[in-house]
Amino acid sequence: MTDAALRIAIPEPRPRGAPLWLRRRPELVLTPLVFLVLVALWQAVAWSGVVSAFVLPAPSAIAASLVAGLRSGLFLQHGLVTLAEAAAGFAIAVAAGLVVGTLIAEIRLLERTVYPCLVAIQTMPKIALAPLLVVWFGFGPGSKIAVAAIISFFPMLVTTIAGLRDTDRGRLDVLLALGAAPLRCLVSAKLPGALPHVFSGLSIAAVFALTGAIVGEFVGASAGLGYLIVQANARLNIPQVFALLLVLGGIGVLAYGTIQALRRRLLFWAPKEERSSP
Amino acid sequence: MATPLIAVRDLTKIYPTARGEQVQALSRVNLDIRPGEFVSLVGPSGCGKTTVLRILAGLIRDYAGSVSLRGQAMRGPSKDVGVVFQDANLMPWRSAEANVMLPVEVLGLDRKAMRPRAKELLAMVGLEGFERKLPNELSGGMRQRVAIARALIHDPALLLMDEPFGALDAMTRDTMNVELGRIAARSNKTVFLITHSIAEAVFLSDRVLVMSSRPGRIVEDIRIELPRPRDLDIIASPIFSSTVVRIRRLLDGEDATALPSIAH
Amino acid sequence: MATPLIAVRDLTKIYPTARGEQVQALSRVNLDIRPGEFVSLVGPSGCGKTTVLRILAGLIRDYAGSVSLRGQAMRGPSKDVGVVFQDANLMPWRSAEANVMLPVEVLGLDRKAMRPRAKELLAMVGLEGFERKLPNELSGGMRQRVAIARALIHDPALLLMDEPFGALDAMTRDTMNVELGRIAARSNKTVFLITHSIAEAVFLSDRVLVMSSRPGRIVEDIRIELPRPRDLDIIASPIFSSTVVRIRRLLDGEDATALPSIAH
Amino acid sequence: APALGQALAKSSFGPTTTDISTGHAAHSSLPRALGYWREEGLDVEVFGIAGNTAGLQLITNNNIDFISISGDQILMARNQGMAIKAVYMHARQPINRIVVPKAGGVTSIAQLKGKTLGIPVLGPQPYATAAFQEAGLDIEKDIRQVATGTGAPALLALRRGDIAGWISWDTAVAALENRGMEFTELRPSFFGDLFGNAIITREALLRENPALVVKMCRAIAKSVHFGLTNPEAAIRIHWQLYPQTRPQGGDPAQVMAEAKRVFLSRFSSYALEGVTKYGESLPSQWARLKQQMVAANELPADHDLNAAFDGSFIDRINEFDRDAVAAQARSWNG
Amino acid sequence: MWREAAPPLIFVVLLLAAWEAGALWGGLDPLIMPAPSEIGEQLVLGFSSGVYPLHLGVTLAQSLAGFVIAVAMGVGIGALISISPLVERTLNPFLIAFEAMPKIALAPLVIVWFGYGMGSKIVLAAVIAFFPVLVSTILGLRACDPGRLDVMHALGASRGQVFRMVRLPGALPFIFSGVNVAVVFVLLGSIVGEFVGAKAGLGTLILYANENLETARTFSILAMLAALGLLLHFGVAALRQRLLFWAEPRRGTPGH
Ligand SMILES: Nc1ncnc2c1ncn2[C@@H]1O[C@H](COP(=O)(O)OP(=O)(O)OP(=O)(O)O)[C@@H](O)[C@H]1O
Ligand SMILES: Nc1ncnc2c1ncn2[C@@H]1O[C@H](COP(=O)(O)OP(=O)(O)OP(=O)(O)O)[C@@H](O)[C@H]1O
Ligand SMILES: [Mg+2]
Ligand SMILES: [Mg+2]
């Protein structure tokens, strides 16, 4: 047998040389790399002059604006306002989505009556609704929380219903055979079983709550990243608009990441992919 | 004679299928089970055994005919019943012990007081040391044993078991059989056992019901006249083997000769 | 003697658990299977049988020791293998027939040509008329039989079976045993069978491997000297029963006396 | 007029609002329906764009040729380095309004100290800032601003007393008056010195195709003249081209009366007062605007005003027969 | 059929009756909540004048196109991401960051790139609606039953085959919840796009009606939007019924 054949027969299990942390979490390098490539592309577009700098500012200008905003503490101060609004809206949406979703999934009559109504109501454009919400919830954070909650409620609702529908019959049988009350079935079998679905709702809602808070701020606010965006936009400070969008994107990634971390903790029992995929 | 604990009259069950057809699973099934009795149900795969058990457990409610529990028309599951399903049906998010404790929680019993019992039951089914493992960290047979322990934890008067020992090796199965016989006798439980092992049925039961397939009917009700308490030595007795052969013949159909069999 | 089809050397497998512990499932397992051989593996529940099978099927790759298939280091699943898992693992969205046809589609075989074979196999496992039913419209035993048919459809040279007949009644099981023996002999298949029935193992196998538990080790490799072809009458032969008793004793442990057993 | 069959030159115009109401007829429906653009050899597409910034972005990126936009935004854009220029002064008066409900009894801006005022959307309010400053108030500190949107939510906020007054624009105020709201308008003394908005284009376009500027704006000037002569005809024409802007149902006479109020709230600021030519602007108006913006720190003191406006097209824009247009307007029955 | 449709119909009729009563005698402010009869009248007027059908058509076309793109992209990118955890970890942050940015702020950019017509609205609608599909696809593909995967892996199935035959069908219950969310957000997206600037569509109608303080008309347009939403919703539900016949809870079992 030749050397080459031997080498084929006994393949290297893993590339050697790379440090362990890199092999474990290659994204720590890859993500910044992709980011740099994107920025380079962007900068190239900016230099080429295909798109006006007032529409798409150069990354360098955005970076400068970002650094200035972060240094002065302006972004942090307003970012916390937005974050608080989004978090409150998210919390309300999660609670309401779980409760209403459960009611709809459990009671067929509601599924056929209330659910379509909720779908219909959801189609109302939030921006059109926002001024009305201001009238109802006041000019303070209330209206922004309301927009955030309304936007993120729907993903929670839909995924809760889907999760409860996806209940494993066998597990439910165990409880039913014990004469368990509906609430007990819900708590001990259906809801834990629905968690994988609910987590997709949570992930979507976390990001949507953020956009909701911003939309609420667009309509009227005296603080928050949405307020800063409107101000910067009106003053034609487009680099700052993009810097703020980046900050928002960062918060979004953090929020999503938090939900995923929670998911890994709570779904420890879910079958691990790695186990069976060779 | 005491009133039957379970009385089934003319039970007929038809399943609708996704393609809009109908499958008749049971046709005019009649059976009585008296309190304290140990009754086994044997029959070919797909004949409707699980369907009968699910109806007795109160999990299927759209059937024709009547089912009564303790003289009253069956209106759903009862708390004093332990069920072992054909699949283990464990909650994957609960450890072995927490799975066994599930009925305790559902029935609102004293958790603290019951925890030692859960440990005992797990030890009885040979799972000492595996209390804190999750279901997907257990082997198939281990999962089934957890399910058996779960059915026993609340000491139900009626046990419904659907092939509880199907995934167990010969030795464990023997141990479990003896254990089950002992538990049933000691606490005077009523047991309804579905099994594929004729020997197991004969060894454990007061009566063995033989079911035919498509549609499922009970074709014979055989009283096992072996003395109690029974131990494994009884297998050597002529009554034991003749009963096994008789049931085997019933299952093979009228025209079949009594073939030797690998599986009893 | 031909080179072994499968050669396992010092196979050791440790599972990590959710709680950060480690479970040693296998410890220095050695085994050889020659082409055309029928080898059974028996052992107590939880001893590591399924783990061995999953490694042979190429589904687990983080183990210590070496596994080679046809003289080459195992590098993952091979197309010429049919596996019956401990659970039926059917696709709930496919009808029984479509489930059986799955390997045909995966391996890119001629669907039209294979469809009659799928029907035949379903008939062989006693599921004529159930071709278009969905898995959740079948009984437990029926599902398992679909899984057996699925493992056979592409006529693999190597069959790995994990308690394929666990959910089957005695009669169906006998039929399936005889059928499996016939298929293996006719097409000279190599079969690796995990079973809980010692009688079944002895009846079908050229060799029976006996495994001990925690950690799993192969404690005995028993050649079955019964003539081939075998039919059910062989059960009456003294070699058959003595072999069964011998394995049984091995499993019960050194200190155990040969107890009578309900389950073989 | 171009010969028949001659291809029309494509161009585009963007009112910086998505609500192209009858008040915007002069640069949307009228020049098109009356064929004024076509007579100039133009095929003009009209885009409603949400907001001044979006309009400026699209114009600098060559997506649109002309937009109408407020004076302060022009100066701010120039200051940011945008190569745009005003070519035609459209609204000769500020289109902004500071209004309070008549019933409230407020008659001067100074009385608004400490009150909550509504604005349609967030953003800088140069006109209001200056007006409050004149009254000795700091708009940031001495009053509270809340965004109410336009239309029903604003009316509701006024009715419920959530806001003591409203800072908005002419057509939006007229719409509330149509719903029975009676306002007192509070004007600063410099109201007459300012202007509302102008039509701008890119400097490059100005260089390469000055004729287009004349053609585009002449049609608009004719439309203004038409509309001022016969508002009802102009409104009907607008409704024909933009049927969605016509209120549905109601008494036709009342609907027309209400539409006229909205129409005139804007068109009256197009009227020739103090000047003789459409589009003409007075340097004092620009200077006054700059002064105000410098005071508000929106503009550096050395900002070059002359670069913002090019009045060289005004004469040619006004080369049309006003009487003929007026006659056409008076005799219009569509 | 009738038995299925009756409860929702009765419910809606009761709801409208209560609303009408509230408007008549309950002192509902017509500026906030006009009576259903007035809204109905506006619908009739809008349809008879031909204004509504045109704009309804535009929004419907935009939304349908956006919906198809959103679902295709969501499932497509989700699939790509699920193939390798590396792709997911590398790509996901960008997708999430992008999704967290308010699309209105990006609107001028979208108009620059996709034009002033339906194109930009379709893009905005698709971009907003795609995220729920993406997330649910990723999590659905990940929640795959390991036993079923074993069957495929043991046959040496290719990634594509595993995806097509096991992962995707298994993920359908998840994907459908993403699609159900997308139904609503695609409408919101095209309306947002129209708010930013458009010649036609229900969003532009809302702006006019709102500015004119024609609240009943605003509600009549919202009603059309809701009808579109329900149309899509029930369309998706019907599709779900067809594709997920195997996952529907069997009848004849208690617990409901
Ligand atoms: N949900 C269902 N829908 C349609 N048909 C069903 C359903 N459940 C069971 N059946 C059919 O009813 C018959 C009896 O099924 P059952 O599960 O009771 O059999 P069983 O005797 O328990 O079989 P096994 O020994 O294989 O478990 C079978 O033919 C099966 O196909
Ligand atoms: N994924 C896993 N994680 C952790 N431990 C595991 C896992 N799978 C199996 N084990 C452990 O490995 C041991 C062997 O399991 P295996 O499934 O191979 O047993 P088995 O011989 O097939 O048993 P049975 O006859 O009951 O199916 C058991 O103790 C089990 O708890
Ligand atoms: Mg069964
Ligand atoms: Mg196993």
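The values are calculated or read from the model by the stated rules, or taken from the named source; none is laboratory data. What you are looking at is a predicted structure, and each value in this text was computed from that prediction instead of being measured. All Cβ positions, even for glycine, are placed from backbone atoms using ideal geometry, and neighbour counts span all protein chains on display. Side chains included, ligands, DNA and RNA excluded: accessible areas come from the protein's heavy atoms. Shrake-Rupley method; radii C 1.70, N 1.55, O 1.52, S 1.80 Å.
Rounded, prolate or oblate for chain E? Axes are the square roots of the Cα gyration tensor eigenvalues, ordered a ≥ b ≥ c, and the cut-off for rounded is a/c under 1.5. Verdict is oblate for chain E. Of the accessible area of the protein assembly as shown, computed with a 1.4 Å probe over protein heavy atoms only, carbon and sulfur atoms account for 58 percent. Relative contact order, whole percent, for the range C:86-153 stands at 50, derived from Cα pairs under 8 Å and 6 or more residues apart.
Considering only Cα-Cα distances, which of the following residue pairs are longer than 20 Å: C:LYS79/C:LYS189; B:LYS133/B:LYS189; B:LYS133/C:LYS13; B:LYS49/B:LYS133; B:LYS13/C:LYS119? Flagged as over cut-off: B:LYS133/B:LYS189; B:LYS49/B:LYS133; B:LYS13/C:LYS119.
Chain C and chain E together bury an accessible surface of about 1800 square angstrom, both sides counted, with a 1.4 Å probe and no ligands or nucleic acids included. Note on D:THR107/B:ASN136: beta-carbon distance plugged into 1/(1 + (r/R0)^6) with R0 of 60 Å gives a FRET efficiency of 0.15. Between C:GLY108, C:GLY216, C:GLY43, the GNM of chain C built on Cα springs shorter than 10 angstrom shows C:GLY108 fluctuating the most. Helical content of chain B, expressed as a calculated mean residue ellipticity at 222 nm, amounts to -10000 deg cm²/dmol (DSSP H runs of 4 or more residues, -39,500 (n - 2.57) each, divided by residue number, nearest 500).
Within the range B:112-185, the trypsin sites (Lys or Arg not before Pro) that combine a DSSP coil assignment with at most 15 other C-beta atoms in a 10 angstrom radius are B:ARG132. Modelled spin-label separation between D:GLU177 and C:GLN72, with each label point placed 7 Å from Cα along the Cα-to-Cβ direction: 9.0 nm. The 3J(HN,Hα) values that the Karplus relation (6.51, -1.76, 1.60; θ = phi - 60°) gives for the range B:67-78 are, in residue order, 10, 10, 10, 6, x, 10, 4, 5, 10, x, x, 10 Hz. Gly and Pro appear as x.
Take every Cα pair under 8 Å whose residues are at least 6 apart in sequence, average their separation, divide by the length of chain D, and the relative contact order is 27 percent.
Applying the Kirkwood pairwise sum to the alpha-carbon positions of the range B:86-153 produces a hydrodynamic radius of 11.5 angstrom.
What's the tally of Lys pairs in chain D whose alpha-carbon atoms lie under 14 angstrom apart, where the two lysines are 8 or more places apart or on different chains?
Working: D:LYS10/D:LYS215; D:LYS113/D:LYS141; D:LYS115/D:LYS141; D:LYS222/D:LYS277.
The result is 4.
For a Förster distance of 45 Å, can you work out the FRET efficiency between the beta-carbons of D:GLU232 and A:VAL37, rounded to the nearest 0.05? FRET efficiency, D:GLU232 to A:VAL37: 0.15.
Using DSSP H assignments, which helices in chain B have an axial alpha-carbon span of 27 Å or above and a mean Kyte-Doolittle hydropathy of 0.5 or higher?
Working: long enough: none.
Long hydrophobic helices here: none detected.
Once the Cα atoms are used to define both axes, helix E:85-100 deviates from the longest principal axis of chain E by about 10 degrees. Excluding the site residues themselves, the longest part of chain C lacking any GluC sites (Glu not before Pro) in a DSSP loop with at most 14 other Cβ atoms within 10 Å is C:22-127.
Spacing of the modelled spin labels on B:ASP231 and C:LYS79, each 7 Å from Cα toward Cβ, amounts to 5.9 nm.
Among all stretches of chain D without exposed GluC sites (Glu not before Pro) (DSSP loop, at most 13 other Cβ atoms within 10 Å), which one is longest?
Values: sites that count: D:GLU140, D:GLU182, D:GLU273, D:GLU319.
It runs D:1-139.
With a ≥ b ≥ c the root eigenvalues of the C-alpha gyration tensor of chain A, is it rounded (a/c under 1.5), prolate (a/b larger than b/c) or oblate? Cα axes put chain A in the oblate bin. Taking the Cα atoms only, what angle lies between the long axis of helix D:283-295 and the longest principal axis of chain D, rounded to 10 degrees? That works out to roughly 40 degrees.
Using Cα-Cα distances under 8 Å and only pairs 6 or more residues apart, what relative contact order does the range E:60-243 have, in percent? Answer for the range E:60-243 is 27 percent. Note that chain C presents 38 Å² accessible area per residue, ligands and nucleic acids not counted, probe 1.4 Å.
Do any residues of the range E:1-48 show a loss of at least 30 square angstrom of accessible area between the isolated chain and the full protein assembly, using a 1.4 Å probe, and if so which? By number: E:GLU4, E:PRO7, E:PRO8, E:PHE11, E:LEU31, E:ILE32, E:LEU45.
Angle of helix E:36-48 to the longest C-alpha principal axis of chain E, folded into 0 to 90 degrees and rounded to 10: 80°.
On average, how much accessible surface per residue is there in the range A:74-276, in Å², for a 1.4 Å probe, leaving out ligands, DNA and RNA? Let's see the in-between values first.
Working: 6610 Å² over 203 residues.
Heavy-atom accessible area per residue stands at 33 Å².
Each Lys and Arg adds +1 at its Cβ and each Asp and Glu adds -1 at its Cβ; summed about the Cα centre, the protein assembly as shown shows a dipole of about 1820 debye. Chain B holds its axis-closest Cβ, relative to the rotation onto C, at the residue and whole-Å distance B:GLY166, 3. Within straight-line reach of E:LYS103, meaning a Cα separation under 16 Å, sit the following lysines at least 8 residues removed in sequence or on another chain: A:LYS126, E:LYS121. In this structure, A:LEU74 and D:ASP304 have a Cβ-Cβ separation that, at R0 = 35 Å, corresponds to a calculated FRET efficiency of about 0.70. Among rounded, prolate and oblate, which fits chain D when a ≥ b ≥ c are the square roots of the eigenvalues of its C-alpha gyration tensor, a/c under 1.5 means rounded, and a/b larger than b/c means prolate? Judged from the Cα gyration tensor, chain D comes out oblate (a/c at least 1.5, b/c at or above a/b). Model label sites at E:SER49 and A:VAL99, defined 7 Å from Cα along the beta-carbon direction, differ in position by 4.3 nm. Each of the trypsin sites (Lys or Arg not before Pro) that DSSP puts in a loop and that has at most 10 other Cβ atoms within 10 Å breaks chain D; the longest unbroken stretch is D:161-334.
Give the distance, in whole Å, between the Cα centre of the range A:119-185 and the Cα centre of the range B:220-248. Going from one Cα centre to the other spans 60 Å.
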